[in-house]
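Written below as structure tokens is the structure these notes are about.
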Amino acid sequence: MSAVIGHGHAHDDHEHQPSGLMRWVTTTNHKDIGTLYLWFSFTMFLVGGTLAMGIRAELFKPGLQFWHPEFFNQLTSMHGLIMVFGAIMPAFVGFANWQIPMMIGAPDMAFARLNNWSFWLLPVAALLLVSSFFVPGGAVAAGWTLYAPLTTQMGPGMDMAIFALHIMGASSIMGSINIITTILNMRAPGMTLMKMPLFVWGWLITAYLLIAVMPVLAGAITMVLTDRHFGTSFFNAAGGGDPVMFQHIFWFFGHPEVYIMILPGFGIISQVIPAFARKPLFGYSSMVYAMASIAILSFIVWAHHMFTVGMPVVGMLFFMYATVLIAVPTGVKVFNWLATMWRGSMTFETPMLFAIGFIFVFSMGGFTGLILAIAPVDIQLQDTYYVVAHFHYVLVAGSLFSLFAGFYFWVPKWTGRMYDETLGKWHFWLSMIFFNLTFFPMHFLGLAGMPRRIPDYALQFASYNEVASIGAFGFGLAQILFLWIILKVTVLGRGERAPQRPWEGADTLEWTHLPSPAPYHTFHEQPVVK
Amino acid sequence: MKNRTLKLAGWLLLPFSGEAFAAWEHNLQPPVTRIATDIYELHMLMLGICFVVFVGVFGVMFYSIYKHRRSVGHQAEHFHENTTVEIIWTIIPFLVLIAMAWPATKTLLALKDTSSPDITIKATGYQWKWGYDYLKGEGEGISFLSNLSTPQDQIAGDAPKDEHYLLEVDNHLVVPVGKKVRILTTANDVIHSWSVPAFGVKQDAIPGFVRDAWFRADKEGTYRGQCSELCGKDHGFMPIVVDVVSPDKYTAWVAEQKKQSAAAAEDPNKKWTLAELRARGEKVYSTTCIACHQANGKGVPNAFPSLDGSKIVNGPKAAHINIVTNGKPGTAMAAFGKQMSDTDIAAVITYERNAWSNKTGDVIQPSEIGSAKK
């Protein structure tokens, strides 16, 4: 081990590599690729966020101010697609690339060249997706859910989005194969599955979900493509097809997709909480079983997204019961995090703030999820702003806050520098306050009956829309602060030098065995885990 | 310029104006059916349970954050497993869920029971309006379209907004109080959703399929809802308005409708003049075509073609009649031959061929339309 640590600086090992741009294009190093994923996802996060600002500007007051209705629909659809496929998913893959090899004591990912290919597909897909704004007819305006037969009315932007999703799906599947192979074959001696850090567990389960459902999405959108151009009638009732079939196939992908975007986040939170509570994670094995149960249940609840399509009552009962069951393992996770904090010795640096904020706000998203699972109540709330509030509570306060927590937690290991703690805390409090200001009022809007995806609304919805828009602009600005924090600690290299183990409660291999910053190549010789 | 500044000032001050202060609606709309009342109570029950759990769980968390901090000198303990508590916090939530699912099941069974209605009405979703056909029960045979009647200048911000901004239509759906009304939903083009929150009804309208829902309104009044499934450009502009009236009023309304439809049955062979058709066509245009092709006939670049100076509009009549009656598949241009009378179609085509810079001078008679329908 001392030989590995002795290398010290990050750049000693790659004299044979091209430098400059070609270094990044040809890299097969998991850390380089992780960095690429993270920058890519942050860029897409800013693009998707800009679209969100466009949405909230239009909704600031009743009447049509800025956009034509069809452009507004493009904004909401592309905001969803970009955030899900361009921002959240690649960001978690970035964390996987950086962290999984270091946390299991492996020298790199199992398929290094495949790893490069998985990443470089993404900018191509993103370009295809974003440039669809500029073709005749504009970008997709059928919602990120792409419901048929509305998708058959779209222009060529729809085809570009379909191909972009195909490419992103291929990238995700390759990434998942890589992650599973790495985890199952390259763990350090002594690291049994039930000794793996929970972040690794979260990703192992997520990768299986991805492999299971990305082909399903690919199938659904391919059928849309052939309906559009080759005269098939999969979803066209006039030709013997069924528009509702699209929704079944889409949500068979879509619900596991929700957990794909949260399970790695659960993993991050499970690393951060024990580190700052200075106490081992409570109930490790039940945490693993809880994640596995959530993943399995995610395959049998899809039709709760479709309670208003007119299903037989037995079907509705089944999907209602299956859905409320998910509250059990999710509750177990929250209780275990609390038990980890209980009687610890807590400090509240930025990663811990985001982790606690995650538990607090994500739980609200869990509660509204439970309310939405109750089919009769869902009849009132389906396709209203209540649903918008619910999924932003789990995707922004859930996935995004866990990504923030993970960034602040690991960036000392990645760069060898400490981030600016004061600014980090500002970032947390601004994000937390403005997030709630944006999305909490949407519960009220939804209850009062405001449909989602409308560019203009009746007067009784005016006040809360104003509050939500003000919150959204604040939330957007807070992320500019985050950009500055990132630039400062990465590109500009400012900040105190980070010790090997800046968080005294952190005890996974990257903290106990590797210096900060982690050398370019790590664990040529695997450590032995007792 | 001054006008614009004023407009901007008004925009920024809106949060403090009376218009906005009235608008803090934050719960489900007051229910007027048994089902909607059950849903309302179910939601309050769920909210109550969730609130208690939330306060309990996060009470513990914030207590821990307050007490078990290093800054107050708390030393970490090292326990990390306890099978008993794991079992307890798996079982208890499970029991709570059963307590929630029980009333939900009862409500759901009632909500889905559409049997033995007094009146059956078919609601058809079109891009972007609703069509109603009274199929069975008192009023059988009545049939009409229901368009948004909020004027375009209110939407553009050039006129003050009405109380029922975006929630008003030209023809209300009328039903009697206390009668079980079954709504069959279907659609002509893409998926829409027929929703009236006060009734606890939301049912997707799916092209090629018929689904159903029901309500029995206990209170007279006017109830409003909106299309609740993204259906394209004007998804936000196809509201649903239902008048619940006394049985006597309903009978009178039915008689009135029958009389009107008898009077409206026009002689298809009547010869119309250019002026008559233009005047009628302008009205049809402003309810049906204006949303896409715009008041100035210029359409929206890259989305909806301009009619002003268009090749089809200024070309041979047959092509123009064909696209209006039969639509253009794969676009938002619907087959209006199925929705409107021959007279209306003839009128709107005549209008388009003689409006803006189009000066064909053509007069299209209703008799020319029937033969073009596919």
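A few notes on this one:
- Computed on region B:235-374, with alpha-carbon pairs under 8 angstrom and 6+ residues apart, the relative contact order is 26 percent.
- Note on B:LYS328: accessible area is roughly 110 Å² with a 1.4 Å probe, heavy atoms of protein only.
- Summarising the label geometry, the points placed 7 Å from Cα in the beta-carbon direction at B:GLU138 and B:ILE88 lie 6.2 nm from one another.
- Buried on assembly, region B:152-190 (at least 20 Å² less accessible surface than by itself, 1.4 Å probe): B:ILE155, B:LYS161, B:TYR165, B:LEU166, B:LEU167, B:VAL190
- Distance between modelled label sites at A:ARG494 and A:ASP507, nm, 7 Å Cα→Cβ extension: 3.7
- Rounded percent of accessible protein surface that carbon and sulfur make up, the protein assembly as shown, 1.4 Å probe: 65
- Placing a label point 7 Å from the Cα of B:ASP113 along the Cα-to-Cβ line, the residues of region B:20-52 whose backbone N sits under 12 Å from it are B:35.
- Computed FRET value (nearest 0.05) for A:LEU64 with A:ASN185, which takes r as the C-beta separation and R₀ as 60 Å: 0.60
- Distance from the C-alpha centroid of region A:17-64 to that of region B:204-242: 39 Å, rounded to the whole angstrom.
- Spatial separation of Cα centroids for region A:307-324 and region A:189-239, in angstrom: 23
- Accessible area per residue, Å², chain B with all protein chains present, probe 1.4 Å: 48
- Sites A:LEU487 and A:TRP117 - FRET efficiency at Förster radius 22 Å, r taken between beta-carbons, to 0.05: 0.20
- When the P(r) of the protein assembly as shown is calculated, the portion above 52 Å amounts to 21% of the C-alpha pairs.
- Placing a label point 7 Å from the Cα of B:LYS338 along the Cα-to-Cβ direction, the residues of region A:240-262 with a backbone N closer than 19 Å are A:240-245.
- Modelled label positions at B:THR251 and A:VAL529, each set 7 Å beyond Cα in the direction of Cβ, lie 8.2 nm from each other.
- DSSP-loop GluC sites (Glu not before Pro) across region A:453-530, with at most 15 other Cβ within 10 angstrom: A:GLU496, A:GLU504, A:GLU525
- Ranking of B:VAL55, B:VAL324 by solvent-accessible surface, largest first: B:VAL55, B:VAL324 (1.4 Å probe, protein heavy atoms only, all chains present).
- For the residue pairs B:LYS129/B:LYS317; B:LYS233/B:LYS359; B:LYS180/B:LYS202, the C-alpha atoms sit more than 18 angstrom apart in B:LYS129/B:LYS317; B:LYS233/B:LYS359.
- Area buried, chain A against chain B - accessible surface, total, 1.4 angstrom probe, square angstrom: 8800
- Separation of alpha-carbon centers, region B:98-118 and region A:455-473, rounded to whole Å: 34
- Semi-axis lengths, Å, chain B, gyration tensor of Cα atoms, sqrt of 5 times eigenvalues: 51, 29, 20
- With all protein chains modelled, accessible area of A:ARG501 [1.4 Å, Å²]: 110
- Listed residues A:MET22, A:MET194, A:MET306 arranged by accessible area, highest first, probe 1.4 Å: A:MET22, A:MET194, A:MET306
- Which of B:SER261, A:SER285 is most accessible, then next, and so on - probe 1.4 Å: B:SER261, A:SER285
- Residues of region B:81-99 buried by at least 50 Å² on assembly (accessible area, 1.4 Å probe, chain alone as reference): B:GLU86, B:TRP89, B:LEU97
- Relative contact order of chain A, pairs being alpha-carbon contacts under 8 Å that are 6 or more residues apart, as %: 20
- Potential extension, A:ASN436-A:THR28 segment - 0.36 nm per residue separation minus Cα distance: 142.8 nm
- With the whole protein complex present, A:MET168 retains an accessible surface near 10 Å², based on a 1.4 Å probe.
- Remark on region B:314-361: accessible area falls by at least 40 square angstrom from chain-alone to full-complex state for B:GLY330, probe 1.4 angstrom.
- Over region B:157-279, Cα pairs under 8 Å with separation of 6+ residues give a relative contact order of 27 percent.
- Residue-span extension gain [B:VAL60 to B:TRP24] - 0.36 nm each, minus C-alpha spacing: 9.7 nm
The values are calculated or read from the model by the stated rules, or taken from the named source; none is laboratory data. Model, not experiment: these values are computed from the prediction. Note that each Cβ is placed from the backbone with ideal geometry, even for glycine, and that neighbours are counted across all protein chains shown. Just so you know, the surface numbers come from the protein's heavy atoms only, side chains and all, with ligands and any DNA or RNA stripped out. Shrake-Rupley method; radii C 1.70, N 1.55, O 1.52, S 1.80 Å.
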